[in-house]
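Report on the following structure.
The values are calculated or read from the model by the stated rules, or taken from the named source; none is laboratory data. Note that the structure is predicted; figures quoted are calculated from it, not measured. Glycine gets a Cβ as well: all are built from the backbone with ideal geometry, and neighbour counts include every protein chain shown. Calculation scope for accessible area: heavy atoms of the full protein, side chains included, ligands and nucleic acids excluded. Shrake-Rupley method; radii C 1.70, N 1.55, O 1.52, S 1.80 Å.
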Amino acid sequence: MRRVHAFGDDALGDLDAVGLADAIRAGSVGRADVVEAAIARTEAVNPALNGLAYNGFERARQAARGGAADGVFSAVPTFVKDNVDVAGQPTMRGTDAWTPQNASADGDFTRVFLATGLTSLGKTQMSEFGFSAAAEHPRLGPVRNPWDTDRTAGASSSGSGAFVAAGVVPIAHANDGGGSIRIPAACNGLVGLKPSRGRLPVDAELRRMPVGIVANGVVTRSVRDTAAFYAEAERIWPNQKLAPVGHVTRPGRRRLTIAVVTRSVLRESSPQVRELTLKSAALLEELGHRVEQIDPPVPASFVDDFVLYWGFLALTQVRAGRRFFGDTFDRTRLDALTLGLDRHAGRNLHRLPLAIVRLRRLRRHTARVFRTYDAVLTPTLGHETPEVGYLAPTDYRQVMDRLTDWVAFTPLQNVTGEPAISLPLTQSTDGMPVGMMLTADLGHEALLLELAYELEEARPWARIQDPG
């Protein structure tokens, strides 16, 4: 294993975002100093990790000199994933299939994200259009895991996950249409909460989707950073249709009834991941929660329906590429996964309407579960983090088979809209993080954060900078 990180004795130290914001307000470190430290850390690890999509360093320096925005994270450095618009920067969505042009304005989510006070250093790399759980573009190169650079960093929020885990920044934007907050969180030893549908804004094109599967959020190294972000974002952009998250600062007192699922719709998780999940369930029992093992709560048709819907999203990008991205769009530069999904959808469009109906009805299945249980525990992923190349988008059928095997638990909550959090509770025998996922009913992020605080206290997770 080759471990890479940037933690050191500079203005960032090993502080999380809340700690860094407190230090900046107290005058212990300067705004410009933390930005320069984050830039230096990016330059130190990016050659090994390949997480940077766009360099916005000079703009960040100007923001630090001019006085950062107000907010709980004022002047804390961060990155934005390269599939939302940031004014004056290109949005390339993990591909090089067209000539980039700078966005004229911030996207709807970007405005909320930066209003928390964060200072963006640029954009992070992702898989092409976010379709794969590993960023391994044939020309842009793979994004590597800082815990072991021979392994994938997960995706699609791969660069954000790699940089937060490596200590470049304490918090970064991620979004999730099939697991893309939780997958890199699990691979890189981070906290990743996919919020309830509608908790945070999404850009206009995503609001028009037949099934609103995409949610914005962040990846962090601590539960309190994630909790503080959602409290601040809710202050800026409240959604009155959802129960408020509030400012969650400690474990909850109520003992919960928690279901445990180790088997996906298709198959059982790997022996090691199953064992680690059951150990996590035993920890919950030790903490006083009631735990019961149940079968997967969704029909077997779910996988085929989701893949077809995923293909439909690819089809819209590929066949309307020039309208979306301009005359320089060249579909021959797209990777084999994107093109394979496009072909799959094109051949099966007659099945799409019924697939969408079934996907929209999935919430009925999970709502029944939450009438009995407060939360559901599963592994975040079906097996251990694979090596770079395992999910390379070269052969469509092979990579799709491998994806549906690995990404077995996360897509469900994108369809139902329920919140789910990946926590770095466990490690494999070779020292790699293995994420555990907890899901709650719609609008119950506060319950997940309280439970996450409790687990973080009971079993503090491994840090990449720790010896051994």
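Selection over region 316-359 of residues that are out of contact with any helix residue (DSSP H, G or I) (no Cβ under 8 Å at 6 or more places or on another chain), closer than 19 Å to G212 by Cβ and surrounded by 13 or more Cβ atoms within 10 Å (Cβ to Cβ) gives a count of 1. Applying the set (1) among the hydrophobic types (A, V, I, L, M, F, W, C); (2) closer than 22 Å to A300 by Cα; (3) in a helix (DSSP H, G or I) to L377 leaves exactly one unmet item: (3).
Among the residues of region 29-52, are any closer than 30 Å to P393 by Cα and in a loop (DSSP other than H, G, I, E, B)? Yes, region 29-52 has at least one match. Restricting region 387-414 to residues that are open to solvent by less than 10 Å² (accessible area, probe 1.4 Å) and touching a Leu at 6+ places or on another chain (Cβ under 8 Å), the residue that is farthest from V298 (Cα to Cα) is L391.
Output the residues belonging to region 13-28 that are under 23 Å from the mean Cα position of the chain (by Cα) and open to solvent by less than 20 Å² (accessible area, probe 1.4 Å).
Selection gives A17, G19, L20, A21.
Is it the case, given these coordinates, that G340 is at pLDDT 95 or above and at positive phi? No; evaluated as a whole, the condition is false for this residue.
Taking region 237-274 as the range and being aliphatic (A, V, I, L, M) and open to solvent by 40 Å² or more (accessible area, probe 1.4 Å) as the test, the residues that pass are A243, L266. For the structure I just gave you, tell me whether V76 is within 29 Å of D10 (Cα to Cα), open to solvent by 40 Å² or more (accessible area, probe 1.4 Å), out of contact with any Lys or Arg (no Cβ under 8 Å at 6 or more places or on another chain) and not polar (S, T, N, Q). Answer is no for this residue.
With respect to being out of contact with any helix residue (DSSP H, G or I) (no Cβ under 7 Å at 6 or more places or on another chain), of a type in the set (K, R) and surrounded by fewer than 21 Cβ atoms within 10 Å (Cβ to Cβ), R197 falls outside the description. Applying the condition of being part of a helix (DSSP H, G or I), among the charged types (D, E, K, R) and over 17 Å from the mean Cα position of the chain (by Cα) to region 89-128 and asking which residue is nearest to T78 (Cα to Cα) yields R111.
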